[in-house]
Amino acid sequence: MHRIDCPWCGVRDESEFQYQGDATVSRPKFKASEEAFFRYAYVRENPRGWHTEWWHHVGGCRQWVKVVRNTLTHEIHVTGTPADKLAHPRKVKSP
Amino acid sequence: MHYSALSLLWQGLKGHKGWGRMWRDPEPKSEYDIIIIGGGGHGLATAYYLAKEHGLKNIAVVEKGYIGGGNVGRNTTIIRSNYMLSPNTHFYEKSMQLWEGLEREFNFNAMVSQRGIINLYHSDAQRDAFARRGNAMRLAGIDAELLSPEELKERVPILDFDNARFPIEGGLCQPRGGTVRHDAVPWGYARGADSRGVDIIQNCEVTNIRIEGGRAVGIDTNRGFIGARKIGMAVAGHTSHIAAMAGIELPVESHVLQAFVSEGIKPLLDTVVTFGAGHFYVSQSDKGGLVFGGDLDGYNSYAQRGNLPMMGHVMAGGMAIMPSIGRIRMLRQWGGIMDMSFDGSPFICKTGIDGLYLNGGWCYGGFKATPASGWCFAHTIARDEPHALNAGFTIDRFKQGRMIDEKGVGPNPWIQ
């Protein structure tokens with residue numbers, strides 16, 4: 001069970017949240033190239049290890065929480081608000 | 001050795017001491033014509049058909065772990081071809097036809113059991129959608145039957161037909177769907193490929209794909225460099241990881257999907273039932289356990305294990321349509337890593353790099369596709385062009401707006 005520290009509500013169970021994907025992609029400007037929109041919609045790094053992602057606290061305050069989580073271990077390193085710049089921990093050895 | 005009733009009898013008389021290895025354990029050669037990365041069902045099937053259908057020699061399959069240790073041994077063993085969109089319909093039907101002749105072809109008992117698969121519907125709108133899919137299947141020459149509640153009651157009496165939230169109004173049945181003994185599939189393909197000269201190299205992890213002048217020339221592994229004229233990637237959940245070694249970025253996210261087996265019970269269910277509205281599907285194995293699962297956990301993961309919320313959700317789904325299973329104990333639970341593409345459909349295609357081919361994006365539906373996936377991937381590698389059956393399964397389809405979005409949910413892999 002993931003336990004996610006919502007910046008507004010405190011630590012809550014995963015079941016209160018709805019996952020919303022990779023938080024490192026951002027919508028290109030209106031006049032950006034087709035390639036930029038293609039990458040925004042479809043291309044993901046899909047890392048083995050630390051991943052910055054969105055969890056929507058849909059069963060709580062309904063805010064979007066930014067989470068740095070490890071996709072190999074499910075460990076959560078840090079959470080923050082959407083405006084926060086969250087760093088990954090220093091690289092850990094991947095199996 | 002040819003497996004038959006006679007060989008079983010003969011070995012029985014000799015105390016079963018004469019069964020040889022099913023495949024060799026060779027040291028990797030310094031170079032092959034074709035290397036397949038990934039010794040799962042798809043990779044082994046590809047090597048098998050490369051040797052058998054295209055007469056090619058000098059092929060290797062490299063596998064990080066052991067044969068049968070990946071998703072081919074971690075699925076819920078269902079086969080079906082009940083898709084609606086044309087590229088999927090024909091591709092999965094090819095797979096079904098290959099399943100139907102597979103055991104005789106590779107002389108191995110995979111226990112292919114065409115016990116039927118029934119998708120339940122609960123409203124007029126869902127019935128119409130299912131009827132449409134069934135009609136699309138029939139137009140493509142595939143069997144499909146819309147079952148009335150009365151027919152369904154006769155077929156699957158243990159369903160709760162008085163469910164107030166999801167009243168069961170009928171089901172779409174594909175009688176030729178069913179289950180297969182999943183472990184036997186890689187074993188059979190490995191044995192068949194090995195007997196045709198394919199080297200199956202286990203405990204060989206690929207660490208890099210070497211590219212020179214826009215052409216793939218070999219792989220670096222924990223057992224040294226192995227040269228190749230052509231390289232096929234068939235690594236399921238780790239598709240992004242391997243493709244990144246060649247600088248290829250993909251519309252793929254890896255997600256965990258759980259599956260469950262109950263303790264063995266007497267015969268209860270002689271078909272496969274899916275309760276899509278409640279995220280639950282179930283069949284009963286030949287050992288008697290109920291084999292069931294639901295949806296993805298819903299977050300990126302390479303962990304091969306899921307979490308409690310989805311486990312509870314799947315059990316609740318099961319209880320909703322089959323309350324009689326409530327006191328059966330759960331025996332095993334596990335998770336597998338799905339390479340979720342952004343439209344729910346796979347890739348069997350060339351890449352932008354000469355001599356490098358991609359097989360991936362299988363989402364949670366890779367097992368039933370195994371024979372056709374290998375057959376089409378072998379064709380694509382041998383001829384350096386796709387077969388008509390996999391021509392739509394390209395990476396470029398996302399740029400071209402030709403997505404094959406069977407579910408129609410858009411670019412959100414975790415809800416595909």
When every protein chain stays in place and a 1.4 Å probe is rolled, B:98, B:146 sorted by accessible area with the largest first are B:146, B:98
Work out the length of the dipole vector of region A:3-80 about its Cα centre, built from +1 on the beta-carbon of each Lys and Arg and -1 on the beta-carbon of each Asp and Glu, and round it to the nearest 20 debye. 260 debye
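For residue B:391 and residue B:158 in the same chain, what is the full-extension length gain: residue separation times 0.36 nm, less their Cα-Cα distance, in nm? Spell out each step's value before the answer.
On the way: separation 233, 0.36 × 233 = 83.88 nm, distance 4.23 nm.
Between residue B:391 and residue B:158, full extension yields an extra 79.7 nm.
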Order of exposure, largest accessible area first, which applies to A:73, B:77 with probe 1.4 Å: A:73, B:77
Considering chain A, which cysteines have no disulfide-compatible partner, defined as another cysteine with its Cβ under 4.7 Å away? A:61
Residue among B:336, B:75, B:203 farthest towards the positive dipole end of the protein assembly as shown, charges placed on Cβ: B:203
Using a 1.4 Å probe on protein heavy atoms, which residues of region B:300-319 have at least 10 Å² less accessible area in the complex than alone? B:300, B:301, B:302, B:303, B:305, B:307, B:308, B:309
Among B:292, B:280, B:166, which one moves the most in a GNM of chain B with springs linking Cα atoms closer than 10 Å? B:166
Total charge of the residues flanking residue B:271 in space, meaning their Cβ is under 11 Å from its Cβ, with Lys and Arg +1 and Asp and Glu -1, is +1
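If you stretched the chain out fully between residue B:222 and residue B:287, how much longer would it get, using 0.36 nm times the residue separation minus the C-alpha to C-alpha distance?
19.5 nm
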Probe 1.4 Å, all chains present, heavy atoms only: residue B:281 accessible area in Å², nearest 10, is 40 Å²
Would you mind getting me the FRET efficiency between residue B:17 and residue B:212? Use the beta-carbon distance for r and R0 = 41 Å, nearest 0.05. 0.25
Relative contact order (percent) for chain A, with alpha-carbon contacts under 8 angstrom and 6 or more residues of separation? 26 percent
Please name the residues of region A:61-80 whose accessible area, counted over protein heavy atoms with a 1.4 angstrom probe, falls by no less than 10 Å² between the chain alone and the full protein assembly. A:69, A:71, A:72, A:73, A:74
Which FRET efficiency value, to the nearest 0.05, do you get for residue B:66 and residue B:165 by plugging their Cβ-Cβ distance into 1/(1 + (r/R0)^6) with R0 = 51 Å? 0.70
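Give me the net charge of residue B:80's neighbourhood, meaning all other residues with Cβ under 9 Å from the Cβ of residue B:80; Lys, Arg count +1, Asp, Glu -1. It would help to have the intermediate numbers written out before the result.
On the way: positive: B:176, B:368; negative: none.
Spelling it out: positives minus negatives among the neighbours equals +2.
Go ahead and run the numbers for FRET between residue B:384 and residue A:58, Cβ-Cβ distance against an R0 of 41 Å, rounding to 0.05. Intermediate results must be reported in sequence, preceding the final value.
Numbers: r = 48 Å, r/R0 = 1.17.
Calculated transfer efficiency: 0.30.
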With a 1.4 Å probe and every protein chain kept in, tell me what percent of the accessible surface of region B:129-179 is carbon plus sulfur. 50 percent
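With +1 on the Cβ of every Lys and Arg and -1 on the Cβ of every Asp and Glu, and nothing else charged, how large is the dipole of the protein assembly as shown about its Cα centre, in debye rounded to the nearest 20? Walk me through the numbers on the way to the answer.
Numbers: 57 positive and 52 negative charges, 167 e Å.
In debye, rounded to 20, the protein assembly as shown gives about 800.
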Please compute the contact order of chain B in relative form: average sequence separation of alpha-carbon pairs under 8 Å and at least six residues apart, divided by the residue count, as a percent. 21 percent
Candidates B:215, B:327, B:24, ranked by Gaussian network fluctuation over chain B, Cα under 10 Å, top entry: B:327
Is there a simple number for the mean count of other chain Cβ atoms within 10 Å of the Cβ of residues in A:15-27, and what is it? 3
Tell me the Rg and the Dmax, in Å, that the Cα atoms of the protein assembly as shown produce. 23.3, 78
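Give me the net charge for the shell around residue B:31: Cβ to Cβ below 15 angstrom, other residues only, Lys and Arg +1, Asp and Glu -1.
On the way: positive: B:29, B:57, B:210, B:215, B:223, B:229, B:230; negative: B:27, B:33, B:199, B:212, B:220.
Every neighbour counted, the sum reads +2.
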Just to be sure I understand: if I project the alpha-carbon convex hull of region A:3-80 onto a plane and average over all orientations, what area do I get in nm²? 5.6 nm²
For the protein assembly as shown, dividing by residue count, accessible area per residue (probe 1.4 Å) in Å² works out to 44 Å²
At residue B:183 and residue B:135, where each label point lies 7 Å from the Cα along Cα→Cβ, what is the point-to-point distance in nanometres? 4.5 nm
Taking chain B, the whole-percent share of alpha-carbon pairs separated by over 31 angstrom is 38 percent
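Computed on protein heavy atoms with a 1.4 Å probe, what is the summed buried accessible area for the chain pair A and B, in Å² to the nearest 100? All intermediate terms of the calculation are to be shown ahead of the outcome.
Working: alone 6870 and 18010 Å², together 22510 Å².
The buried area between A and B, both sides summed, comes to about 2400 Å².
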Which of B:156, B:282, B:291 moves most in a GNM of chain B, Cα contacts under 10 Å? B:156
Tally up the carbon and sulfur contribution to the accessible surface of region A:3-80 as a whole percent, 1.4 Å probe, everything protein left in place. 47 percent
In nm, give the distance between the simple-model label positions of residue A:41 and residue A:77, each being 7 Å from the Cα along the Cα-to-Cβ direction. 3.1 nm
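Subtract the Cα-Cα distance of residue B:84 and residue B:7 from 0.36 nm times their separation in residues, and report this length gain in nm to one decimal. Don't skip to the end; give the middle numbers.
Values: separation 77, 0.36 × 77 = 27.72 nm, distance 4.37 nm.
Answer, rounded to one decimal: 23.4 nm.
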Rank B:243, B:298, A:10 by how far each Cα sits towards the positive end of the charge dipole of the protein assembly as shown (+1 on Lys, Arg Cβ; -1 on Asp, Glu Cβ) and give me just the farthest. B:243
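The values are calculated or read from the model by the stated rules, or taken from the named source; none is laboratory data. Bear in mind the structure is a predicted one, so any value in this text is a computation, not a measurement. Because the Cβ atoms are built from the backbone with ideal geometry, glycine has one as well, and the counts that use them run over all protein chains shown. The accessibility values were calculated without ligands, DNA or RNA, using every heavy atom of the protein model including side chains. Shrake-Rupley method; radii C 1.70, N 1.55, O 1.52, S 1.80 Å.
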